[in-house]
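Peer 1: Can you read through this structure? Questions will come right after.
The values are calculated or read from the model by the stated rules, or taken from the named source; none is laboratory data. Owing to the predicted nature of the structure, the values given are computational and were not obtained by experimental measurement. Neighbour counts are summed over all protein chains in view; Cβ atoms, including those assigned to glycine, are modelled from backbone coordinates with ideal geometry.
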């Protein structure tokens, strides 16, 4: 039975909202592709959407869901402003 060792990168990322640190490991090759400009979904397809969002925006999945849930203040403000574009200009 053979084993294949895959080089990894371990990151600890602080959520900018709740200040929780999330530690995770990634495929080094995929991480370097992303850092080189490849779309994160393409470079790291096996990484969860929550971790990818944390890597991109610095916001953990729980905080992201709270920020952009249907009833959140940010979502309400965004919806209110959609119809106001171009008014008064």
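Peer 1: If the requirement is being outside any strand (DSSP E or B), on the phi < 0 side of the Ramachandran plot, modelled with pLDDT of 95 or more and more than 14 Å from the chain's Cα centre (by Cα), which of these qualifies: 33, 17, 84? First the steps, then the outcome.
Peer 2: On the way: 17 fails: more than 14 Å from the chain's Cα centre (by Cα); 84 fails: modelled with pLDDT of 95 or more.
The conditions single out 33.
Peer 1: Across the stretch 20-30, what is the total count of residues that are free of Cβ contacts under 8 Å to residues at least 40 places away in the same chain and either under 23 Å from residue 63 (Cβ atoms) or within 13 Å of the chain's Cα centre (by Cα) (or both)?
Peer 2: Qualifying residue count for the region: 6.
Peer 1: For the stretch 14-31, name all the residues that are touching a strand residue (DSSP E or B) at 6+ places or on another chain (Cβ under 8 Å) and either surrounded by 14 or more Cβ atoms within 10 Å (Cβ to Cβ) or more than 28 Å from residue 66 (Cα to Cα) (or both). Walk me through how you get there before you give the answer.
Peer 2: Our first condition is that a residue be touching a strand residue (DSSP E or B) at 6+ places or on another chain (Cβ under 8 Å); within the stretch 14-31, this holds for 14-15, 20-28, 31.
Answer for the stretch 14-31, where residues must be touching a strand residue (DSSP E or B) at 6+ places or on another chain (Cβ under 8 Å) and either surrounded by 14 or more Cβ atoms within 10 Å (Cβ to Cβ) or more than 28 Å from residue 66 (Cα to Cα) (or both): 15, 22, 24, 26, 27, 28, 31.
Peer 1: What is the number of the single condition among (1) out of contact with any helix residue (DSSP H, G or I) (no Cβ under 7 Å at 6 or more places or on another chain); (2) at pLDDT below 90; (3) outside any helix (DSSP H, G or I) that residue 79 does not meet?
Peer 2: (3)
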